[in-house]
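A short reminder: the numbers here are calculations on the coordinates, not readings from a lab. Note that the structure is a prediction, hence the values are computed from the model and not measured. Note that we place each Cβ from the backbone using ideal geometry, even for glycine, and neighbour counts take in every protein chain shown.
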């Protein structure tokens, strides 16, 4: 399973985004071959960003795509929230915030080590417990 971050969802949606072509090409190679998943906070953040920049129609198209199986949606547990808060504290200077910290907590719980993201700064500095570093895709 590959965890998908907000920037990747946005890049897939906005044809004017600098990463759009690469995101679409990557998605085309893995969709149907490997599960792609978003956390509920990533889905929420993505919808809000797309709605603010591209309008409700585009945001709702993403919502519909998720409902049709484009991504699995990973729920958060209280344990994930507690771990995310701990991660945020340990990496205080990195400024992860809620969405990134909950992504890292899910990576820990599910032993995920691959993330479809364009956020090299945050996802590149997090060190999971199961591997030396996350593999950032594409």
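Taking the criterion of being more than 11 Å from the chain's Cα centre (by Cα), surrounded by fewer than 21 Cβ atoms within 10 Å (Cβ to Cβ) and in a loop (DSSP other than H, G, I, E, B), the residues of the range 105-118 that qualify are 111, 113.
Filtered by the rule that a residue be surrounded by fewer than 17 Cβ atoms within 10 Å (Cβ to Cβ) and assigned to a loop (DSSP other than H, G, I, E, B), the range 77-104 gives 77, 95.
Hey, does the range 51-58 have a residue that's outside any helix (DSSP H, G or I) and either free of Cβ contacts under 8 Å to residues at least 12 places away in the same chain or loosely packed, with under 12 Cβ neighbours inside 10 Å (or both)? Yes, the range 51-58 contains a residue that is outside any helix (DSSP H, G or I) and either free of Cβ contacts under 8 Å to residues at least 12 places away in the same chain or loosely packed, with under 12 Cβ neighbours inside 10 Å (or both). Scan the range 23-34 for residues that are surrounded by fewer than 22 Cβ atoms within 10 Å (Cβ to Cβ) and within 16 Å of the chain's Cα centre (by Cα) and the total you get is 6. If I filter the range 62-70 for residues that are on the phi > 0 side of the Ramachandran plot, free of Cβ contacts under 8 Å to residues at least 60 places away in the same chain, more than 17 Å from the chain's Cα centre (by Cα) and not in a helix (DSSP H, G or I), do I get at least one hit? Scanning the range 62-70 turns up no residue that is on the phi > 0 side of the Ramachandran plot, free of Cβ contacts under 8 Å to residues at least 60 places away in the same chain, more than 17 Å from the chain's Cα centre (by Cα) and not in a helix (DSSP H, G or I). Only a single criterion out of (1) under 18 Å from the mean Cα position of the chain (by Cα); (2) buried (at least 17 other Cβ atoms within 10 Å of the Cβ); (3) more than 15 Å from residue 103 (Cα to Cα); (4) in contact (Cβ under 8 Å) with a residue 24 or more places away in the chain is not satisfied by residue 42, namely (3).
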